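FYI, it's all coordinate maths here, none of it is from the lab. Quick caveat, the model's predicted, so the values are computed rather than measured. Quick reminder, even Gly has a Cβ in these numbers, built from the backbone with ideal geometry, and neighbours come from all protein chains shown.
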Amino acid sequence: LTYPQGMVAPTPRPALAGIPVYRAGRPAADPASKLSSNELPFDPLPGVLDRAVAELRHVNRYPDAGCTALTTALAGHHEVDPDRIAIGTGSVAVLYALLSAFCGPGDEVVLPWRSFEAYPIAVELTGAAGVRVPVGADGTHDLAGMAAAITPRTRAVLVCTPNNPTGPVVTADELASLVAAVPPSVLLVVDEAYVEFVTDPAAASGPDWLDRENVVVLRTFSKAHGLAALRVGYALAHAPVAEAVRKVLPPFGVSDVAQAAAIASLESLDAMGERVAAVVAERDAVVAGLRGQGWDVPQAQGNFVWLPLGAEAVEFAAAAQPLSVRAFAGEGVRVTIGLPEVNEQFLATTRRWRTGS
Ligand code: PMP
């Protein structure tokens, strides 16, 4: 008996060597104080919860692997053919599947930075290289810089609007220019995880570009729909792209509990809209409060605000306790909009920080 590979332990692919495990927002002793994961601060809508709970009776059975009813509901919602939809366990899983379907060693993916923490991980897991194009001092994408970073090796360009963690949107005009600049063979991924919170009339809308075969729009039920723990997200794409994603996604990932909740949430858009409006009103009040205190905060179009604290980011996060906020060392702090009293607490923290008292 021979051991052709020698007596060595299994090693992961070299591509994994420099990749960190995804770092999640810190929990807080009181869940209402957790402002570190851009969650909705409200309990699930009763009707949505009831429909999800009812599905628990069938957990001896595998879920509907094709997410048939949810796909139909989303197709109706977006007015697209069902074959243009790929549903996974959160939009992050859909992104991982998309990138592993289209990218590999030697390829490049252009992405904004600082942006969503999972982007470089998702890219580098495929063996491709992430080409990070810094966002501007105002937290906006440098779309000209991103277009200029495209090479013959580029397989995808990622756009995050509103950008997590800095907050601003990509405008419709900017996205139009980028669509024109990205070759048709290169995926243009528009991540709209926070789109429901957008109030800027100039903001881009990814679905407007779905006539392009290379455009992919990512959406999630984790944010405005308030279903983060149930893990449902999806891509809207050209049918062959959506099919490639469905091939890569693990079978039976999205439970019937999650599918039922997502469908119920799509049927409760008025109630969802009221909650989103409440968060938006709080967000705008927090931004106004911060600016009143002298903070230079960028446009906030998601359910979070960005404090560009630079070297003081980690120290601020420690001072904010018991509130749990998300520090990006050397860059800034992202703070999710919570319930009104918690937002007041946050504004008291920022006031103390500035006045040193
Ligand atoms: N995209 C962005 C920009 C995000 O901020 C997040 C969540 N933090 C996601 C995608 C992933 O959301 P989910 O996997 O829960 O759908």
Mind checking which of Leu290, Ala204, Phe346 is farthest towards the positive end of the chain's charge dipole, using Cβ charges of +1 (Lys, Arg) and -1 (Asp, Glu) about the Cα centre?
Phe346
Starting from the Cα of Ile150, step 7 Å toward the Cβ, then list every residue of the stretch 87-107 with an amide N under 17 Å from that point.
103, 107
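Under the rule a/c < 1.5 gives rounded, and otherwise a/b versus b/c splits prolate from oblate, where does the chain land using the Cα gyration tensor? Don't skip to the end; give the middle numbers.
On the way: a/c = 1.39, a/b = 1.19, b/c = 1.16.
Rounded, because the longest to shortest axis ratio a/c is under 1.5.
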With R₀ set to 41 angstrom, the calculated FRET efficiency between the beta-carbons of His58 and Leu339, to the nearest 0.05, is 0.75
Quick calc, Lys247 & Ala172: beta-carbon distance into FRET formula, R0 30 Å, rounding 0.05, result 0.40
Looking only at Ala262, Ala320, Ala128, which one moves most when the chain is put into a Gaussian network model with springs between Cα atoms under 10 Å?
Ala320
Where the centre of each part is set by its Cα atoms, how far does the stretch 300-357 sit from the stretch 93-134, in angstrom?
28 Å
Could you order peptides 234-244, 152-162, 179-189 by the average number of other Cβ atoms within 10 Å of their residues, highest first?
152-162, 234-244, 179-189
Among Pro120, Pro340, Pro12, residue whose mean-square fluctuation peaks in a GNM of the chain (springs only between Cα atoms under 10 Å)
Pro12
R0 of 41 Å, Cβ-Cβ distance Asp208-Arg291: FRET efficiency to nearest 0.05:
0.85
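What's the ranking of 294-306, 89-101 by average number of surrounding C-beta atoms within 10 Å, highest first? Don't skip to the end; give the middle numbers.
Numbers: 294-306: 22.0, 89-101: 24.0.
The packing order, highest mean first, is 89-101, 294-306.
Roughly how big is the chain's charge dipole about its Cα centre, with Cβ charges of +1 (Lys, Arg) and -1 (Asp, Glu), in debye to the nearest 20? Let's see the in-between values first.
Numbers: 26 positive and 37 negative charges, 213 e Å.
Around 1020 debye, computed over the chain.
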Go ahead and set up a Gaussian network model of the chain, Cα springs under 10 Å, then flag whichever of Gly106, Gly130, Gly206 fluctuates most.
Gly106
Cα centroid of the stretch 174-221 to Cα centroid of the stretch 1-72, whole Å
25 Å
